[in-house]
Every structure is written in structure tokens, then in C-alpha cells.
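Q: Structure below; questions to follow.
The values are calculated or read from the model by the stated rules, or taken from the named source; none is laboratory data. This is a predicted model, so every value here is computed, not measured. All Cβ positions, even for glycine, are placed from backbone atoms using ideal geometry, and neighbour counts span all protein chains on display.
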Amino acid sequence: MKKAEIIKKLIKEKGYSNRAFAEKVGLPPTTLQSMLTRGIGKASIDNVLKVCKGLGITTDELEKMANEDDLSESPLPELNEKDERDIQKNLQKMIDELSQDGYAAFDGDSPNEREQEDRELLISSLENSLRLAKRLSKQKFTPKKYRDK
């Protein structure tokens, strides 16, 4: 979600109209309207600070809310049961190959010699990478007519 949309939502949640909120924070209503339609990036930092202060948030919190919403609204397709099985099978194959070949080492230790926590982190990282790769390939290679709308 864009920052302007978050600000609109917060203004509405506080029970203000855009005009009343603009007056509360000391901005001309046209300036606030411009910020909300053209985007926060075009506004002066002073005006953004006034708006954030009026909403009871910091600019860092606004940035964090915008980033969290961007991550939660991921355009990548979800994985089905077959995808999950494939990921687990590929993950197990990778782990077995790392353990058997002895080619993989970190600081001179093979994966079998590492602490259990390090091993779990490696496996978790590999699994997350496989999930992302699977979702990206589904997005890239699924014909548009079969994609969810």
C-alpha cells in the first residue's frame, strides 16, 4: 500500500474528513489533497512531518507500514500441495548431496560437523529459497488465462 493510501486510511480511522484534518495540522486543504492524490514523495518534508504528527505516528512508522503492506500483498502465486511436496523432495536431495559429497564446507566444517542450530538455519534458508524460486517460476510460466484474477 502506498503511503498516501495509509494516510487516507488513518485519517478516516481517526474520524476526520480530509478538510478537518488539514485544518487540525495547519495545512491548507488543497495541500493535503495534493499530497494524497499525487503521493507523499512530491510533498515537502515539513508537510509530511505535520501530517504524521497529527496522526500520532513517526515517518519511520509510516515507512514501516508501507513496507509491511507491500510484502503482504505479494503478487506471486501461492503454492499448492504438489509444489510443497516437490520443494521437500528437492530440499532433501540437496541436503543429502551436501552431506555425502563433502564439497560443502563453511569455515572448514562440513554440514554434518556444524552445530545443530547452524544446520537448521542452512536448511531453512535453502527451503525459503526453493519456495521463492517455485513461486517466481509459477508466475513467469503460468499462462495469463489460468492466473487468479
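Q: Take S137 and decide whether it is in a helix (DSSP H, G or I), modelled with pLDDT of 85 or more and over 27 Å from K3 (Cβ atoms).
A: Yes: the conditions hold for S137.
Q: What about I11, is it under 30 Å from P75 (Cβ atoms), modelled with pLDDT of 90 or more and in contact with a Phe, Trp or Tyr (Cβ under 6 Å, 6 or more places away or on another chain)?
A: yes
Q: When both residues are 6+ apart or on different chains and their Cβ atoms are under 6 Å apart, which pairs have a first residue that lies in the stretch 44-63 and is surrounded by 12 or more Cβ atoms within 10 Å (Cβ to Cβ), and a second that is of a type outside the set (A, V, I, L, M, F, W, C) and not in a loop (DSSP other than H, G, I, E, B)?
A: The qualifying pairs are C52/T59; G54/K24; L62/K3.
Q: Hey, another quick one. Kindly list the number of the only condition in (1) within 15 Å of M65 (Cβ to Cβ); (2) at pLDDT below 90 that fails for C52.
A: Result: C52 fails condition (2) only.
Q: Please determine, by comparing only the residues of the stretch 14-43 that are among the basic types (K, R) and either surrounded by fewer than 12 Cβ atoms within 10 Å (Cβ to Cβ) or not assigned by TED's automatic domain parsing to the domain that holds E63 (or both), which one is modelled with the lowest pLDDT.
A: K42
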